[in-house]
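The values are calculated or read from the model by the stated rules, or taken from the named source; none is laboratory data. From a predicted model like this one, the values you see are computed outputs, not experimental measurements. Here Cβ is always computed from backbone atoms with ideal geometry, including for glycine, and neighbour counts include all displayed protein chains. With ligands, DNA and RNA removed, areas are computed over all heavy atoms of the protein, side chains included. Shrake-Rupley method; radii C 1.70, N 1.55, O 1.52, S 1.80 Å.
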Amino acid sequence: MNSEFSQIYEQKRIRLYSGLIVFIVVVIVSISFSLSTMQRYFLLETAQVQSATLRLAVDSLRLTLDRYSRIPALIAGRPEISAFLDEPQSILLRSQAEALLSETAEALGAQGVYLEDANGKLLASAKANNSSTQLQSPNFSRPYFNQVIAGGLGQYFALGTENGERGYFYAAPVRRKNRINGVIAVRFTVNKFEANLRDANSEIIVRDSNDIVFISSKNEWNLKSFTALSDNKRDIIQSAKQYPLKLIEYLPNKISPLHRNISLIELENDPSSFVASTSLLARAGWRVTILSPTRDAYILTGFIAGGTILLALFASAVVLLIWQRQIRFAERLSEQRATKLSLERQVKTRTEELNQSNGKLIAEIDERKAAENQLRQTQNELIQAGKLAALGQMSAAISHEFNQPLAATKAYAENANKFIDRDRIPDAQNNVSQIVAMVDRMSSIAKHLRNFARRPQEKTIAVSVSSVIETVLELMNAQSSKQNAQIIYQPIKEDLWVTGGNVRLQQVLLNLIKNALDATEEQSQPIIKIETRATKKKVEIAVYDNGPGITQSTLDQVFDPFFSTKSPGQGMGLGLSISYNIIKDFGGELTAYSVDEGGACFKIILVRTINPNNTEASL
């Protein structure tokens, strides 16, 4: 670079650095001013997330209260209660009333059920899980009693001054001729509800009208007041004996309203702070508050503020990087022009090399295709050679099959001429019928031989399993008879069709049966068994023999080309390999294994298909 370019570059660098510094300072100042706003937003979001839990807690508490609200009126309407109030000295009526109260306490799981007369005298009481009823006072002046006498429904929450049990009272009048004879009160505990609160992720408290916590998910907050109690409120609590005043403590705190019923509560001498959402339980005059820790909101605010600053620093670094790249770009532009011509020459040379490589690759592909075609043609030739070899091996037995019908045909023809000379026409006709039957027999054998000798086509169609097996058995009949071998085949009633080719499948079965005959040559009673099985998707054709079986080393290579266990000159070792590939082309499997009872089994597994409307055989 020349000196003029260096001076311009230095001036731009100073202006750029100054602008970036001003930008970062503005971002930091802006975040500082908006930090409280972000904190307030995330605190409100925290309260919003916990609103569902608050509604659930309020509904649960309301349902708990409503469950007991109608019970006193139902008990008060029972005749046993009215009768006992009319004759409170009757031992029998007292027993009946106490039994009713005990049953009610047990059924409801109530903390206590009380019966008082119109003057407030306790006549009977019962507790859950307590069979013996004792007359015990609730140990405080009963505001619920005054509410009932005044004509309303009595309800009241209090803490026992002696046993320390917290309970909620519902009370209803016992009327007799439009006159109140007594009061029924039911007291239940809130311990179960409080235990459920401890399962929540946040803290939940319930405060009465005096702002005293009497239900809480934290035991240490119970009977704590969030506002300092005035002397008047203390006198009211003392006179009603609602709570022991010695247990009530003021919990110093700072409350900052955020939005409607949402506020920020900071406890003194406690590093924790909470965002509080409050809902009113109007019937009881309670306030249910859920306290969610503010830690997550403050952490999220810090993350956003720090992320914004980092983003500003990153943006400044990107701007600086881009500017430096632009400077370097001008410097490199001349270098790129110099190397462009060199690159173009290299690209041209590379293109020519690639074209030559592509030409060689195309030639190799053509050679591979030609080799595959040659391989397929060779395989077909081997299949055809195998079939012709099989026909050659069967020729002696087949010639015997032809000689017998031919000799019989000659005899029947000579006898027919004699019968005609003697005018025995019916006998002559019978001999002619026998001759026709013999000709049909030889024609059938010739047809199977002709079809078997034809070259197979490569396409696969639907093939009848029973037809293929029966054709192969007919071709092998002469050879099996010559070898005195018994071929057992019991066709199943179901008409099975598979995907394959008639001639190629015949070739496979013929090869398997011929191998089975070779394997049983040394047996006194050679037995070959053919079984077919079918599932919804597959068809199995198994060929068993009672020969010596197959060793494990032979099983590992039985389908390899040119592998054979026969003596030299007895075969090329291609039959099973070709059969394996034919079945594989059909989409099936050919497996072999030794049978525990002795002998070997070759199993063909083919894909099952439906019987086509056009049953024309395809090769």
Completion exercise
By residue number, the members of the stretch 36-63 that are open to solvent by 40 Å² or more (accessible area, probe 1.4 Å), among the hydroxyl-bearing types (S, T, Y) and touching a residue at least 12 places away in the same chain (Cβ under 8 Å) are T53, S60
Practice task
Find the residue count for the stretch 167-199, including only residues that are under 18 Å from L63 (Cα atoms), modelled with pLDDT under 85 and not aromatic (F, W, Y).
Solution key: 10
Handout entry: Which listed residue is more than 60 Å from the chain's Cα centre (by Cα), at pLDDT below 80, surrounded by fewer than 17 Cβ atoms within 10 Å (Cβ to Cβ) and over 26 Å from I604 (Cα atoms), from A416, A407
Key = A407
Exercise for the section: State whether one or more residues within the stretch 515-523 are modelled with pLDDT of 90 or more and within 22 Å of G588 (Cβ to Cβ). Expected result: no
Practice task
Hey, can you tell me all the residues within the stretch 248-282 that are over 21 Å from E45 (Cα atoms) and either free of Cβ contacts under 8 Å to residues at least 12 places away in the same chain or β-branched (V, I, T) (or both)?
Solution key: I248, D270, P271, A282
Exercise for the section: Could you tell me which residue of the stretch 71-99 is least open to solvent (accessible area, probe 1.4 Å), considering only residues that are more than 24 Å from N146 (Cα to Cα) and in a helix (DSSP H, G or I)? Expected result: L93
Exercise for the section: Quickly run through the stretch 105-129 and pick out the residues that are open to solvent by 20 Å² or more (accessible area, probe 1.4 Å) and either in contact (Cβ under 8 Å) with a residue 60 or more places away in the chain or not in a helix (DSSP H, G or I) (or both). Expected result: L108, G109, Q111, D117, A118, N119, K121, L122, K127, A128, N129
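Quick grid of which residues meet (1) open to solvent by 100 Å² or more (accessible area, probe 1.4 Å); (2) assigned to a helix (DSSP H, G or I); (3) modelled with pLDDT under 70:
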site: R325; (1), (2), (3): yes, yes, no
site: F329; (1), (2), (3): yes, yes, yes
site: R332; (1), (2), (3): yes, yes, yes
site: A338; (1), (2), (3): no, yes, yes
site: L343; (1), (2), (3): no, yes, no
site: Q346; (1), (2), (3): yes, yes, no
site: S357; (1), (2), (3): no, yes, no
site: E364; (1), (2), (3): yes, yes, no
site: K369; (1), (2), (3): yes, yes, no
Problem - Tabulated pairs, the stretch 74-98, first farther than 16 Å from A126 by Cα, second open to solvent by 40 Å² or more (accessible area, probe 1.4 Å) and aromatic (F, W, Y), C-beta under 9 angstrom, 6+ apart or interchain - result: none
